[in-house]
Amino acid sequence: MNEQSEPSAAQPVTGTARAPRGRLLGTLAHDLLTLERDPLPRMSRPRWLARLPHAVVIYAAVFFGFLTAEQMGDHYHDKGGTPLLAAILTGVAIVLAMFRPMAGWWLGLLAAGLIAWSVHDNVGQGQTWPWMPAGVVAFAPVLLLVALRVPPRVTVAAIAVPIALTGLAELLFKPEHSQSGAIAALLLFGFVGLLGYALRATRLARGKLVEQETLTEEERAQRTLLEERNRIARELHDVVAHHMSVISIQAQVAPHLVENPSDELKENLAGIRENALEALTELRRVLGVLRSEQPDDPANPHHPQPTLAELDGLVDNVRSAGLAVTTEIAGIRRPLAPGVELTAYRIVQEALSNCLRHAPGSRVEVGIAYGPRELHLCIANSAPTRPAPPSPGAGHGLLGMRERAGMLGGELASGPRPGGGYEVSAVLPMDPETKKDEQEA
């Protein structure tokens with residue numbers, strides 16, 4: 001068998017170990033070569049100090065630019081246009097690092113290389129090279145601005161590269177009688193890198209703390225809202241559900257308490273019990289929505305909301321209670337948005353309930369007209385034929401109908417009719433979102 005047909009056991013391990021190392025170096029090289037914009041964050045508090053770091057950086061850029069030109073000319077006796085160019089590059093590198101940290105870092109390295117090349121032949125006894133005292137200090141703000149915005153591994157690389165280039169330059173091109181600047185550069189750059197890392201970690205930790213505090217406030221508000229809704233649900237259940245259950249039981253028991261009850265009495269009592277049970281079912285659905293943390297979550301569906309398709313059942317229910325109701329539908333009957341369907345149904349339901357309470361014995365006309373862009377509703381009743389019994393409650397029915405219509409961008413009007421009776425009319429947009437956009441515009 002050919003010995004080279006299968007790799008040895010050590011070969012896959014070596015390949016696997018090299019792959020992550022290669023990816024790490026590739027990512028690091030990409031981070032060093034990126035020129036993406038990353039502006040220096042403003043100070044959040046106080047507001048009048050928001051731009052202070054930017055002003056300090058600009059002042060440092062001007063100061064180190066002048067210091068570089070002065071030191072190259074007076075201490076290294078480098079004359080001509082090169083000191084001016086080096087000073088400009090040094091200042092621009094610091095300012096550029098405020099907005100594009102890695103671009104400023106590369107420009108700072110270029111300025112340092114230009115200075116080292118320009119003063120190489122003029123280095124005197126005891127003078128440092130390749131870093132001038134002003135040059136090594138001027139590069140520190142650039143490293144600090146880099147360390148404030150980049151991950152720690154990039155900061156380490158941004159410090160290691162100039163130190164490595166410094167050692168290589170001293171090994172190959174160091175002038176006679178010059179002093180090494182590598183130790184001073186290593187100490188200063190290391191300190192600046194640690195300072196930048198600490199400030200960046202503090203800023204990120206503060207940002208996470210603010211984010212966590214915001215989430216905590218939202219959770220607290222959500223919990224308070226849920227507790228209030230649970231309280232309302234308990235009160236509704238204790239008050240309404242109890243009485244509706246009593247009504248249902250009494251309506252069921254009542255025929256047995258009367259000797260030879262008539263069929264009409266049995267039918268009316270059965271209707272009362274059926275309405276009470278339906279009200280209990282609707283109440284339980286509403287209480288379930290109140291108690292739910294996410295009532296609109298499609299993953300937790302509740303009982304389907306009523307629509308105009310169930311209008312006939314609603315009208316039949318009212319007729320069984322002794323009210324004469326006629327309906328008339330104009331236009332092409334078609335499904336509408338869920339919110340429009342529910343609002344229209346609730347308006348008709350509340351209007352018919354008002355007729356039962358306040359206009360006993362009246363004739364009620366329910367009209368629904370499907371227009372091109374709007375749905376028209378009209379519920380009108382004639383004058384009552386007998387006195388209305390006293391009705392307990394705060395009388396919020398009309399207000400609730402008006403609020404429902406207003407939420408969709410529609411209108412609702414109500415008032416007495418000239419010949420006696422009462423009328424409720426509403427206009428609901430077919431597309432509530434479009435209506436809201438038109439109103440906002």
Requested in this report: Give the residue, chosen from Ala184, Ala164, that is modelled with pLDDT of 85 or more and exposed (fewer than 15 other Cβ atoms within 10 Å of the Cβ).
Outcome: Ala164
Report summary line: Exception for Gly104 within (1) in a helix (DSSP H, G or I); (2) without any contact (Cβ under 8 Å) to a residue 40 or more places away in the chain falls at (2)
Requested in this report: Determine which member of the set Arg206, Arg223 is open to solvent by 80 Å² or more (accessible area, probe 1.4 Å) and either within 26 Å of Ile159 (Cβ to Cβ) or not in a helix (DSSP H, G or I) (or both).
Outcome: Arg206
Report task. Please tell me if Ala138 is under 16 Å from Ala69 (Cα atoms), at pLDDT below 95 and crowded, with 20+ Cβ neighbours inside 10 Å. Result -> yes
Query raised in the report: Filter region 310-346 for residues that are of a type in the set (Gly, Ala, Ser) and over 23 Å from Leu269 (Cα atoms); which is surrounded by the most Cβ atoms within 10 Å (Cβ to Cβ)?
Result: Ala344
**Report entry** Members of region 167-181 that are open to solvent by 50 Å² or more (accessible area, probe 1.4 Å) and either in a helix (DSSP H, G or I) or out of contact with any Ser or Thr (no Cβ under 9 Å at 6 or more places or on another chain) (or both)
**Finding:** Leu168, Leu171, Leu172, Phe173, Glu176, His177
**Report entry** Enumeration of residues in region 49-90 that are open to solvent by 10 Å² or more (accessible area, probe 1.4 Å), farther than 26 Å from Pro175 by Cα and assigned to a helix (DSSP H, G or I)
**Finding:** Leu49, Leu52, Pro53, His54, Ala55, Val56, Val57, Ile58, Tyr59, Ala60, Val62, Phe63
**Report entry** Qualifying residue in region 142-159 (condition: within 20 Å of Val62 (Cα to Cα), surrounded by fewer than 17 Cβ atoms within 10 Å (Cβ to Cβ) and touching a residue at least 40 places away in the same chain (Cβ under 8 Å))
**Finding:** no
Query raised in the report: Can you tell me which of Glu235, Glu264 is of a type in the set (Asp, Glu), modelled with pLDDT under 75, assigned to a helix (DSSP H, G or I) and exposed (fewer than 11 other Cβ atoms within 10 Å of the Cβ)?
Result: Glu235
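Might you check whether a residue that is part of a helix (DSSP H, G or I), surrounded by fewer than 22 Cβ atoms within 10 Å (Cβ to Cβ) and either out of contact with any strand residue (DSSP E or B) (no Cβ under 7 Å at 6 or more places or on another chain) or without any contact (Cβ under 8 Å) to a residue 60 or more places away in the chain (or both) occurs anywhere in region 123-131?
Of region 123-131, the ones part of a helix (DSSP H, G or I) are none.
Among the residues of region 123-131, not one is part of a helix (DSSP H, G or I), surrounded by fewer than 22 Cβ atoms within 10 Å (Cβ to Cβ) and either out of contact with any strand residue (DSSP E or B) (no Cβ under 7 Å at 6 or more places or on another chain) or without any contact (Cβ under 8 Å) to a residue 60 or more places away in the chain (or both), which makes the answer no.
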Requested in this report: For region 103-119, indicate whether the set of residues that are loosely packed, with under 15 Cβ neighbours inside 10 Å, closer than 27 Å to Leu32 by Cα and at pLDDT 90 or above is non-empty.
Outcome: yes
Query raised in the report: If you check every pair at least six apart or on different chains, which have Cβ atoms under 9 Å apart with a residue in region 58-82 that is at pLDDT 90 or above first and a residue that is among the acidic types (Asp, Glu) and open to solvent by less than 20 Å² (accessible area, probe 1.4 Å) second?
Result: Met72/Asp78
Report summary line: Every listed condition ((1) more than 18 Å from Gln71 (Cβ to Cβ); (2) modelled with pLDDT of 90 or more) holds for Lys174 save (2)
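The values are calculated or read from the model by the stated rules, or taken from the named source; none is laboratory data. Because the structure is predicted, anything quoted here is derived from the model rather than measured. So basically every Cβ, Gly included, is an ideal-geometry build from the backbone, and we count neighbours across all protein chains shown. Areas reflect the complete protein model, heavy atoms only, side chains present, ligands, DNA and RNA absent. Shrake-Rupley method; radii C 1.70, N 1.55, O 1.52, S 1.80 Å.
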